[in-house]
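Structure, as structure tokens:
The values are calculated or read from the model by the stated rules, or taken from the named source; none is laboratory data. From a predicted model like this one, the values you see are computed outputs, not experimental measurements. Quick reminder, even Gly has a Cβ in these numbers, built from the backbone with ideal geometry, and neighbours come from all protein chains shown. In case anyone asks, the SASA skips ligands and DNA or RNA and just uses the protein heavy atoms, side chains included. Shrake-Rupley method; radii C 1.70, N 1.55, O 1.52, S 1.80 Å.
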Amino acid sequence: MVRFGITGVGVMGTGHARSLLEGKVPGGVLAAVCDVDPAKLEWVKTEQPEIAVYENAAEMFASGKIDAVIVATPHYGHPPIAREAFAANIHVMIEKPAGVYTKQVREMIDDHKKRAPNLVFGIMYNQRTEPMYRKMYEITQSGELGELKRTSWLITDWYRSQAYYNSGGWRATWKGEGGGVLINQCPHNLDLWQWICGMPKRVTAFVHEGKWHDIEVEDDVTAYVEYENGATGIFVTSTADCPGNNRFEVLGDKGKLVCEHGKLVHYRLSAGEREFNRTNKEMWGAPKWERIEVDCPGEYTQHVGVLIDFVKTINGEGKLIARGEEGINGLTISNAMHLSSWTGKTIELPLDEDLFLEELNKRANNPA
């Protein structure tokens, strides 16, 4: 049995605790929890007195009671707590995002590689278990779409009212959360975008802070990216659209995938568009195509599925759904979007991590 500890027993931490307590993660058992807020530990003391309770991670790591930790603290805490766990020879599963800024996350990744490569290190990208996204990944990686031409994700179906932002002092602040919609709602989408389509090389973005809410961080974003091969992409998100949309398109030389309304549709061309364009002699000619509703078998196992594979990997029987070091990819795109908007420039990747941190600190130390 893998003995789990959880740091941070807020909404996500409590959810993971319940999954372990209810036996949803075979081979895993909840052994300890910790939180800096004693009030959040009361339900554990009352309902599960056999579980060890700590007020800081260091004590829990030194206790000898756990083999693995789920890090579910506010965002800034993810990398330093993970590094503490590596030093204590404890396997790590971090909640999303991997951190707030890539320099911090890169240090965490380097620490794992240098000091604890034998430890399993995962990130809670539970949306990678969604069968439609897994199928999109499979199709794009197989080459069936041909060379990438354009990507587009309009993702605005997570309306948030002012009451939501008022519910916690750390929410929607640079110092407490490290950003808004990009760092809170979008990490899964940014991960899936790069996982399926690859990392861009250039990012230009318009990131609007407090446009629709009384907050200091962003609640409306429109970004344009360019890929190494010349393909382009757009990413649009907001927490103020009602009703919102969720439409993800990937266009390749040989067809297009559209994920929307719980369906994945494949528009398959009879011939590659570039080859057709070179050989076609008809003025109004166009490639023929067929519309296919793609069957996406499998169960959407969500957070529990990620934890099950984490336990299997610790026991040498499985493979992580997302490795911890992959968390830097989507965060790089997020950081680049912020930096582009702050500087009014197109950002080339790799990102200037020191410049981003300097600009972030200006806002965290001097909130609007």
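In the stretch 232-254, the qualifying residues are those that are of a type in the set (A, V, I, L, M, F, W, C), surrounded by fewer than 22 Cβ atoms within 10 Å (Cβ to Cβ) and touching a Phe, Trp or Tyr at 6+ places or on another chain (Cβ under 7 Å), and the one that is nearest to N184 (Cα to Cα) is A240.
Go over the candidates R274, R323 one by one and state the one that is farther than 17 Å from M132 by Cβ and within 20 Å of the chain's Cα centre (by Cα). Please lay out each step first, then the result.
Values: R274 fails: within 20 Å of the chain's Cα centre (by Cα).
The match here is R323.
Here are L331, L257, L320: which of them is open to solvent by less than 60 Å² (accessible area, probe 1.4 Å) and in a loop (DSSP other than H, G, I, E, B)? Give the derivation first.
Numbers: L331 fails: in a loop (DSSP other than H, G, I, E, B); L257 fails: in a loop (DSSP other than H, G, I, E, B).
L320 is the lone residue from the list that is open to solvent by less than 60 Å² (accessible area, probe 1.4 Å) and in a loop (DSSP other than H, G, I, E, B).
All of Y133, Y164 fail the test of being among the hydroxyl-bearing types (S, T, Y), open to solvent by 30 Å² or more (accessible area, probe 1.4 Å) and closer than 25 Å to I94 by Cα, apart from Y164.
Of all residues in the stretch 167-175, none satisfies being of a type in the set (V, I, T) and open to solvent by less than 20 Å² (accessible area, probe 1.4 Å).
The rows are residues; the columns are (1) touching a Leu at 6+ places or on another chain (Cβ under 7 Å); (2) in contact (Cβ under 8 Å) with a residue 60 or more places away in the chain.
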residue: M337; (1), (2): yes, yes
residue: T346; (1), (2): no, yes
residue: L349; (1), (2): no, yes
residue: E358; (1), (2): no, no
residue: N361; (1), (2): no, no
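I'd like to check something: does the stretch 264-275 contain any residue that is in contact (Cβ under 8 Å) with a residue 40 or more places away in the chain, of a type in the set (S, T, N, Q), over 30 Å from K175 (Cβ atoms) and assigned to a loop (DSSP other than H, G, I, E, B)? Within the stretch 264-275 (the criterion being in contact (Cβ under 8 Å) with a residue 40 or more places away in the chain, of a type in the set (S, T, N, Q), over 30 Å from K175 (Cβ atoms) and assigned to a loop (DSSP other than H, G, I, E, B)), the answer is no, since none of the residues qualifies. Would a scan of the stretch 61-81 turn up a residue that is over 18 Å from E95 (Cα atoms), surrounded by 18 or more Cβ atoms within 10 Å (Cβ to Cβ), touching a residue at least 24 places away in the same chain (Cβ under 8 Å) and out of contact with any helix residue (DSSP H, G or I) (no Cβ under 9 Å at 6 or more places or on another chain)? There is no residue in the stretch 61-81 that is over 18 Å from E95 (Cα atoms), surrounded by 18 or more Cβ atoms within 10 Å (Cβ to Cβ), touching a residue at least 24 places away in the same chain (Cβ under 8 Å) and out of contact with any helix residue (DSSP H, G or I) (no Cβ under 9 Å at 6 or more places or on another chain). Within the stretch 339-357, being touching a Phe, Trp or Tyr at 6+ places or on another chain (Cβ under 7 Å) and surrounded by 20 or more Cβ atoms within 10 Å (Cβ to Cβ) holds for L339, S341, F356.
Residues in the stretch 283-295 include at least one that is aromatic (F, W, Y) and open to solvent by 50 Å² or more (accessible area, probe 1.4 Å).
Pairs, please: C-beta under 7 Å, at least 6 apart or cross-chain, first residue under 22 Å from A85 (Cα atoms) and open to solvent by 100 Å² or more (accessible area, probe 1.4 Å) and in the stretch 30-51, second in a loop (DSSP other than H, G, I, E, B) and acidic (D, E)? From residues that are under 22 Å from A85 (Cα atoms) and open to solvent by 100 Å² or more (accessible area, probe 1.4 Å), the pairs are V36/E55.
Only residues that are β-branched (V, I, T), outside any loop (DSSP other than H, G, I, E, B) and either more than 15 Å from F248 (Cα to Cα) or under 15 Å from the mean Cα position of the chain (by Cα) (or both) were counted across the stretch 111-146, and they come to 2. All conditions but one from (1) open to solvent by 40 Å² or more (accessible area, probe 1.4 Å); (2) closer than 16 Å to I196 by Cα; (3) under 22 Å from the mean Cα position of the chain (by Cα); (4) of a type outside the set (S, T, Y) apply to N229; the one that does not is (3).
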